[in-house]
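In what follows, a single structure is set out as structure tokens and then discussed.
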Amino acid sequence: MLYLLKMTLDYDKIFVLYLESLTGTISPEDAVLLRQQLRTDGSVRKIWEQLEREGQTPEMQQFLDRLDPEAELRRLKEKIQLANNKAPLRIGRMIAVAAAVLALVFAGYFLFKERKITDTGAIAARIRENKGSIHLRLASGESIDLNRSNEQLTLGHTTLNLDSSGLDFSSSDTASNLLSIPRGETYTLTLSDGTVVTLNADSKLRFPFRFGSHTRDVYLEGEAYFKVAKDSRHPFIVRTPLTEIEVVGTEFNVNTYKTGTVSTALIEGKVLTGVPGGADQPLQPGYAAIYNTSGGFKIEEVDTDDIVAWVKGVYYFHNLPFHDLVTMMERSYGVAITTDSPALANKTVSGLMDKNNLPELLEDLKTTLGIKYHYSGHTLHIY
């Protein structure tokens, strides 16, 4: 298959090479370079060891016992040798036999791929492979995948420099665009006025490439950390599904994840927040204004380090209901989670979660709550 000669290895490519190794169909070039990768790359070695462990299951052994790729390959060679005398049938039969060999290999691939994966490193690798893409939908309706990197696009009077870590643009267009961040990703955007917005997973931001002449308006769903460039003549306004936040130049965090609730935490400077048609609520650094549709505004003191730790990929939680932690995990890691144990419903947890280290979190939960887990069918099962 020559995977190693052409591209970086991920879980699926390692898996195909593993099957080829088991069935004796791996190319000599791939076999040599695979051995080199197993010696030098710890992540490749860890996935390989997990595949070897799971390859010992009765179901996989039964599949391999029935598999006879050598016989199919011999038939393929025989057809090639007879090709000169049977030219009209040559191509069709070669394709048919080759397809039979591939069908056997990939039938095993899909059979094995849906098995229960219990190794935390392999689970994390599979989840990373299934993450969604960051998209920018322009006012014109065109959608752009921002995971494409080192690419420049020119659309009318707009020039976009695409990069998976951020977006650089030049434009005179004042129409609103929609930036969508999928689960499992974060993204930083610098607006035309110099304001820096870091968007958390499963969030959306409507913004123009260039602000109008009076105010600097954006619309947020999800969570974002704002470092607003100072401009006293043009207030910066963040609109959410329930509230509005007005600032001149400051740093603050806005969270709308919980239905019916908006939390605005001020890091430095000052802000005014309120609901359309209502009185503004002034906010001081170190405090959060929490608006709920049933109870209105509540001002409370918060640990701002905890509030904005997510920007660095860390989440702190204190006596958090387990089901809320699961929701946070789904959003941060970009994976569907099923909790198969009713006993976990009444559990609470305290600690921290590193969005770049799912194995550590799973092991911590195993130690503190006694959970078990496996990954199958694009779902992480916890029980």
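Answer yes if at least one residue in the stretch 356-374 is within 21 Å of Ile117 (Cα to Cα), in a helix (DSSP H, G or I) and of a type in the set (Gly, Ala, Ser), and no otherwise.
No, the stretch 356-374 contains no residue that is within 21 Å of Ile117 (Cα to Cα), in a helix (DSSP H, G or I) and of a type in the set (Gly, Ala, Ser).
Can you tell me how many residues in the stretch 17-37 are buried (at least 18 other Cβ atoms within 10 Å of the Cβ) and hydrophobic (A, V, I, L, M, F, W, C)?
5
Check the stretch 237-244 and report whether any residue there is within 26 Å of Thr158 (Cα to Cα) and acidic (Asp, Glu).
Looking for residues that are within 26 Å of Thr158 (Cα to Cα) and acidic (Asp, Glu), one finds none in the stretch 237-244, hence no.
Looking at the stretch 281-296 only, could you name the residues that are within 31 Å of the chain's Cα centre (by Cα) and in contact (Cβ under 8 Å) with a residue 24 or more places away in the chain?
Those that are within 31 Å of the chain's Cα centre (by Cα) and in contact (Cβ under 8 Å) with a residue 24 or more places away in the chain: Ala288, Ala289, Ile290, Tyr291, Asn292, Thr293.
Whether any residue in the stretch 297-319 is within 28 Å of the chain's Cα centre (by Cα), in contact (Cβ under 8 Å) with a residue 12 or more places away in the chain and more than 27 Å from Val197 (Cα to Cα) is what I want to check.
yes
Anything in the stretch 218-247 that is free of Cβ contacts under 8 Å to residues at least 24 places away in the same chain and surrounded by fewer than 18 Cβ atoms within 10 Å (Cβ to Cβ)? List them, or say none.
Residues satisfying the conditions are Lys230, Ser232, Arg233, Pro235, Ile237, Arg239, Pro241.
Please state which one of Gly269, Gly194, Gly212, Gly222 is small (Gly, Ala, Ser) and at negative phi.
Gly212
Exactly one condition in (1) under 24 Å from Ser180 (Cβ atoms); (2) outside any strand (DSSP E or B); (3) at pLDDT 95 or above is false for Pro285; which is it?
Pro285 satisfies every listed condition except (1).
Looking at (1) surrounded by fewer than 18 Cβ atoms within 10 Å (Cβ to Cβ); (2) under 26 Å from Leu358 (Cβ atoms), can you tell me which one Gly184 breaks?
Condition not satisfied by Gly184: (1).
Run Lys298 past the list (1) of a type in the set (Lys, Arg); (2) exposed (fewer than 15 other Cβ atoms within 10 Å of the Cβ); (3) farther than 22 Å from Asn253 by Cβ and report the number of the one that doesn't hold.
Result: Lys298 fails condition (3) only.
Just checking, which of Asp217, Asp231 is at negative phi and at pLDDT below 95?
It is Asp231.
Kindly indicate whether Thr273 is closer than 18 Å to Asn292 by Cα and touching a strand residue (DSSP E or B) at 6+ places or on another chain (Cβ under 8 Å).
Against the criterion (closer than 18 Å to Asn292 by Cα and touching a strand residue (DSSP E or B) at 6+ places or on another chain (Cβ under 8 Å)), Thr273 qualifies.
Within the stretch 38-49, which residues are assigned to a helix (DSSP H, G or I) and surrounded by fewer than 20 Cβ atoms within 10 Å (Cβ to Cβ)?
Those that are assigned to a helix (DSSP H, G or I) and surrounded by fewer than 20 Cβ atoms within 10 Å (Cβ to Cβ): Leu38, Arg39, Thr40, Gly42, Ser43, Arg45, Lys46, Glu49.
Go through the stretch 158-181 and give me each residue that's among the small types (Gly, Ala, Ser), modelled with pLDDT under 85 and part of a strand (DSSP E or B).
If the condition is that a residue be among the small types (Gly, Ala, Ser), modelled with pLDDT under 85 and part of a strand (DSSP E or B), then Gly166 is the only one that fits.
The values are calculated or read from the model by the stated rules, or taken from the named source; none is laboratory data. All values reported here derive from a predicted model rather than from experimental measurement. Ideal geometry is used to build each Cβ from the backbone, glycine not excepted, and the neighbour counts take in all protein chains shown.
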